[in-house]
Amino acid sequence: MAKEQGRIERISGPVVEAFLPDARLYDVVRVGDAGLLGEIIKIVGTTSVVQVYEDTSGLKPGEKVVSTGQPLSVELGPGILTGIYDGIQRPLKVIEEKSKGVFIARGIEAPALDRKKKWAFKATVKKGDKVKAGDIVGTVKETELIEHRIMSPYDGKVDAIKSGDFTVEDEVGSVSHEGKKYPLMLMQRWNVRKSRPVIEKFPPTVPLVTGQRIIDTFFPIAKGGTACIPGPFGSGKTVTQQSLAKYSDTQIVVYIGCGERGNEMTDVLKEFPHLIDPKSGRPLMERTVLIANTSNMPVAAREASVYTGVTIAEYFRDMGYDVALMADSTSRWAEAMREIGGRLEEMPGEEGYPAYLARRLAEFYERAGRVRCLATDERYGSVTIIGAVSPPGGDISEPVSQNTLRVTKVFLALDASLAYRRHFPAINWLKSYTLYTDSLEEWFGENVSTDFGKLTKAAMSMLQKEAELQEVVQLVGPDALPEKEQAVLMVTRMLREDYLQQNAYSDVDARCEVKKQYLMLRAIMKFWEHVSNALDTGVQLKKISELPVRTKIGRMKEIKDLKEFDAINKEMDMGFEAVRK
Amino acid sequence: MKEYKTITEIAGPLVTVSDVSGVGYNEIVEIMLPSGERRKGQVLDVGRGIAVVQVFGPTSGISTSQTTVKFLGETMRLGLSTEMLGRAFTGLGEPRDKGPRVIPKEKVDINGLPINPYSREMPNEFIQTGISNIDGMNTLVRGQKLPIFSGAGLPHNQLSVQIARQAKVRGKEEKFAVVFAAIGITHEESSFFMRDFEKTGALENAVLFLNLADDPSVERIITPRLALTTAEYLAYEQGMHVLVLITDMTNYCEALREISSARQEVPGRRGYPGYMYTDLSTIYERAGRVKGSQGSVTQIPVLTMPGDDKTHPIADLTGYITEGQILLSRDLHRKNIYPPIDPLPSLSRLMNSGIGPGKTREDHKGVSDQLYAAYANGRDLRSLSAVVGEEALTPSDRKFLRFADDFEKKFTQQGYYENRDIETTLSIGWDLMSILPEDELKRVKREYIAKYLKKPGKEGEKPAEAKK
């Protein structure tokens, strides 16, 4: 593609207008003598409007603008995993070296994938084999946890292919199609604003097991599904997102820190390499890609970071993996759109957001899904998108929350008043919902227990009952309630404190497997059954409340050996036997 | 150097100059008035021969015919040197005291560059402020940005001065400095700070940038950036631990809105510009610790919430960027409790990385969670008892009620000069917990209960001495 050259006409913050005839929309350009990266977002006649991914201070009209003739793309190939990138996939480590300091200098060019590192490539096709785009031609053991499957970007016949040690740019073979020859490399590029093709999308039927009780039990997320976590500041969005990134049973995690705090990203960057995958004993970092575009990094790169992340997620999905994508926070992304829209002097929609906000959000979440990957062999993968939303003042009637709710299927409502009580995860069980309950019921029935669904429904209706009773208590005090209702309050308090609350900082409790969740919930509901029966036979509530098994239930979270639940259940039976006499 | 006499429009703080060439974005300009007076400004928008300049200072006296505009060819820079310590400057960085000009060791762009998240170090050193509600419940650590959310008439100035006076990392004698940025505060408030800094001797380790209420509001955009540029220099170049106090960010945001409306931009919430989040982040994010440097920048910005409304855009956007907040409560203030910090809506996001064995004490986390939960419960019961009367409460509930009262009187309440070490804070906490039934202490490990809890019966007596 010929390189177009033009010149700057006007600069206003991150938006630059340039005289650039024959430019194409969404092509990447280098702006000014410093070569700042930018992207064409609007064309009027011969003038291109460019959003620049770096600070534009000092740029002057008349300086040159060069189009690369390529849309904003990511590099996909071995070396992505364990990577820590900025919003336009520049590795932060390389930026550190090139900036010679802790600050991000301007105009730095840094390829996403290491050009020098050699990877051991094992070819899985032979010369003469026919391949379709998306078919696996070979594998690279990228990390101990993940095998990187190299997919052919083209249809055709394999002319040559060899195993061995290669860099990402070396030619490992070639494919010919209709007389044309295409080289095969370990690396390929993909336009971030275009979703990668699939054969078919399926409705999700398998839950993403997160190890978080309130989510798995009451508001399960499906693999390939979408979820949103809105909440005011301080309600624990980031802690929830990070817990999901750490403990969910997905093979690949893409974590986008979009316009968030620098120190928080550092926390992720420092902590993830030390976290160990319980199954393999390897650092979790080996399955993770981090994209960190903090709030003070250029706003246009923040806009791009979400697309960069989801494209990487789709790439791993196409290999046949289950991928979870966390975007923290999509509100910052929407604000970036608003900021750039404002600079373009676009007619604003609601609250100053651009009119295309809803479409962009929907398009983004639509890139999630459980799919049959584009390939001849039958391969399935999924991308689950979990987006945090930061509504101003915690009021979700604002446009970003509302438009997100319309497209996502799970709503985890974070609640500041729970956070004030140090009830974490501060997910409000009355406001949250999931639309996956029915499609996942079968899985829970087969893999956990057939009465799991029944138990969760019973527990949830008790929690709803509690909310009603609390209103009465507010007026008349707890002692005015009949014993049976006081008992409901006693058991729902157990549900809240001993079940829903989960300590993200405890070694045992941070991740709770579903089997244990079931046993815990069963113990509490069994307790309720006992209480209810005992009260019917005239036992006083006071006596029940003195049962020592209550403390045992309170410490169930810390149980490691699931056999201990038998002892608790037995003690419970005996305790109630005793009070009845 | 290019000089123009082609001003075509003057509106509010903005001046439009036409027929310019070779002018850079964000470049600094000097404006010479017919009277000979000089003012500074900055290019906000440039293109097709027209430059929009934001003037630092009043635009009165500028005329379209006889005023000269000189483009200086560089962005706003601040000359830096360690000689700045002990000095007071204006909101634009000119000496305000009677001292000489500072001879700069280096000149740095005041907008700074974003810190590479990969090059940051995690803040994890406990700063003892001597204030129980901060140390015990919402611990401050080095490199954190922890704003004080206040309201008009609340003692946020006293509190921030007390923090500046008392803050230290225990067991270490290190170079430290205070950088103070006053944004649009009154003369009276500014002299309160000056007096206190002088009296306690803090002034010799402080750099002051003062933009007072009657100074031009556009300057307010610059003042915090000067302060932070200085702080970064002292921290990362000179290896000092710098505490940056910025008061009052509300005035900063008002100035931002003023300029935005003068530029006729599309307003966001309540007329504040849509980019206010990004703009604020370029201030707040300039805190932290970085690889390869001893020093650190810790920020304590103060903002007064209009109408005590935490959801007001200024407080809201700040809360989304900073690592928590210390919230002052009018109710506590009315009860004559100083400092009126309400621990419930306050938060320190970095607390967990700065506490625990080796940093504060093993029981710190548990004590804090327990006090927090019990106080929240007590406060709920207080409103309940207002409806049903205290008699209707269970005996256990009445204990929580008493706990909440005592918590405010003994834990929250402390003197303006009272500097409590963390052991004292924790032991007050344990005293308070002894009011409650022991089986309600679910948040603390049992071994710590055995080790630290005073047995009931002695409750209400004088606080126990700190345990070793």
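The values are calculated or read from the model by the stated rules, or taken from the named source; none is laboratory data. Predicted model only: the values in this text are computed from it and were never measured. Using ideal geometry, Cβ is built from the backbone for each residue, glycine included, and neighbour counts are taken over all protein chains shown.
Summary of values
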| item | result |
| --- | --- |
| Extreme residue, nearest to residue B:303 (Cα to Cα), among residues of region B:163-180 that are of a type outside the set (Gly, Ala, Ser) and assigned to a strand (DSSP E or B) | B:180 |
| Any hit, region B:53-76, residues being surrounded by fewer than 19 Cβ atoms within 10 Å (Cβ to Cβ), β-branched (Val, Ile, Thr), touching a Lys or Arg at 6+ places or on another chain (Cβ under 6 Å) and at negative phi | yes |
| Subset of region A:253-267 (residues that are in a strand (DSSP E or B) and either more than 8 Å from chain B (Cβ to nearest Cβ) or charged (D, E, K, R) (or both)) | A:253, A:254, A:255, A:256, A:258, A:260 |
| Answer residue from region B:282-317, given it is touching a Cys at 6+ places or on another chain (Cβ under 9 Å), buried (at least 23 other Cβ atoms within 10 Å of the Cβ) and in contact (Cβ under 8 Å) with a residue 60 or more places away in the chain and is nearest to the other protein chains (Cβ to nearest Cβ) among those | B:314 |
| Elements of type strands (runs of 3 or more DSSP E) in region A:283-379, at least 2 residues being within 14 Å of chain B (Cβ to nearest Cβ), within 19 Å of residue B:279 (Cα to Cα) and at pLDDT below 95 | A:288-294 |
| Residue match in region B:241-262 (condition: modelled with pLDDT of 90 or more, among the hydroxyl-bearing types (Ser, Thr, Tyr) and part of a helix (DSSP H, G or I)) | yes |
| Residues (buried (at least 20 other Cβ atoms within 10 Å of the Cβ), more than 14 Å from chain A (Cβ to nearest Cβ) and within 21 Å of residue B:265 (Cβ to Cβ)) located in region B:9-35 | B:13, B:15 |
| For residue A:57: the one exception among (1) in a strand (DSSP E or B); (2) farther than 23 Å from residue A:116 by Cα | (1) |
| Residue within region B:258-267 that is closer than 28 Å to residue A:300 by Cα, out of contact with any Cys (no Cβ under 9 Å at 6 or more places or on another chain) and away from chain A (no Cβ under 14 Å) present | yes |
| Hey, residue A:17 of a type in the set (Asp, Glu), in a strand (DSSP E or B) and either within 14 Å of chain B (Cβ to nearest Cβ) or free of Cβ contacts under 8 Å to residues at least 12 places away in the same chain (or both) or not | yes |
| Subset of region B:354-404 (residues that are more than 10 Å from every other protein chain (Cβ to nearest Cβ), of a type in the set (S, T, N, Q) and closer than 25 Å to residue A:475 by Cα) | B:396 |
| Single residue of region A:95-139 satisfying the filter (within 14 Å of another protein chain (Cβ to nearest Cβ) and touching a residue at least 60 places away in the same chain (Cβ under 8 Å)) that is surrounded by the fewest Cβ atoms within 10 Å (Cβ to Cβ) | A:107 |
| Strands (runs of 3 or more DSSP E) fully within region A:66-146 counting 3 or more residues that are within 21 Å of the chain's Cα centre (by Cα) | A:73-76 |
| Complete set of residues in region A:271-282 that are within 14 Å of another protein chain (Cβ to nearest Cβ) and either in a strand (DSSP E or B) or touching a Lys or Arg at 6+ places or on another chain (Cβ under 9 Å) (or both) | A:271, A:272 |
| Subset tally (residues that are surrounded by 22 or more Cβ atoms within 10 Å (Cβ to Cβ) and outside any helix (DSSP H, G or I)) for region A:392-410 | 2 |
| Tally of residues being more than 14 Å from chain A (Cβ to nearest Cβ) and over 30 Å from residue A:420 (Cβ atoms) across region B:108-144 | 0 |
| Single unsatisfied condition, residue A:344 versus (1) surrounded by fewer than 24 Cβ atoms within 10 Å (Cβ to Cβ); (2) touching a residue at least 60 places away in the same chain (Cβ under 8 Å); (3) within 30 Å of residue A:222 (Cβ to Cβ) | (3) |
| Residue B:7 vs. criteria farther than 24 Å from residue A:57 by Cβ, over 28 Å from the mean Cα position of the chain (by Cα) and among the hydrophobic types (A, V, I, L, M, F, W, C) | no |
| Residue that is farthest from the other protein chains (Cβ to nearest Cβ), among those in region A:53-70 that are within 26 Å of residue A:342 (Cβ to Cβ) and at pLDDT below 90 | A:53 |
| Any hit, region B:57-65, residues being touching a residue at least 12 places away in the same chain (Cβ under 8 Å), under 28 Å from residue A:63 (Cβ atoms) and not aromatic (Phe, Trp, Tyr) | no |
| Number of positions in region B:36-50 that are part of a strand (DSSP E or B) and more than 9 Å from chain A (Cβ to nearest Cβ) | 5 |
| Wholly within region B:274-379, strands (runs of 3 or more DSSP E) carrying at least 3 residues that are within 14 Å of the chain's Cα centre (by Cα) | B:296-304, B:324-327 |
| Positions within region A:399-441 being among the aliphatic types (A, V, I, L, M) and either within 12 Å of chain B (Cβ to nearest Cβ) or under 23 Å from residue A:366 (Cα atoms) (or both), in sequence order | A:400, A:405, A:407, A:410, A:412, A:413, A:416, A:418, A:419, A:426, A:435, A:440 |
| Single match in B:183, B:222 (criterion: surrounded by 21 or more Cβ atoms within 10 Å (Cβ to Cβ), aliphatic (A, V, I, L, M), outside any helix (DSSP H, G or I) and not assigned by TED's automatic domain parsing to the domain that holds residue B:41) | B:183 |
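Quick grid of which residues meet (1) closer than 25 Å to residue A:504 by Cβ; (2) surrounded by 14 or more Cβ atoms within 10 Å (Cβ to Cβ):
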{"position": "B:365", "(1), (2)": "yes, yes"}
{"position": "B:372", "(1), (2)": "yes, yes"}
{"position": "B:386", "(1), (2)": "no, no"}
{"position": "B:394", "(1), (2)": "no, no"}
{"position": "B:407", "(1), (2)": "no, yes"}
{"position": "B:410", "(1), (2)": "no, yes"}
{"position": "B:420", "(1), (2)": "no, yes"}
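Residues checked against (1) surrounded by 18 or more Cβ atoms within 10 Å (Cβ to Cβ); (2) in contact with a helix residue (DSSP H, G or I) (Cβ under 8 Å, 6 or more places away or on another chain); (3) under 28 Å from residue A:451 (Cα atoms):
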| residue | (1), (2), (3) |
| --- | --- |
| A:160 | no, no, no |
| A:207 | yes, yes, yes |
| A:234 | yes, yes, no |
| A:246 | yes, yes, no |
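Here is a yes/no grid of residues against (1) outside any strand (DSSP E or B); (2) in contact with a Leu (Cβ under 9 Å, 6 or more places away or on another chain):
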| position | (1), (2) |
| --- | --- |
| B:78 | no, yes |
| B:89 | no, yes |
| B:98 | yes, no |
| B:104 | yes, yes |
| B:113 | yes, no |
| B:118 | yes, yes |
| B:127 | no, yes |
| B:149 | no, yes |
| B:152 | yes, no |
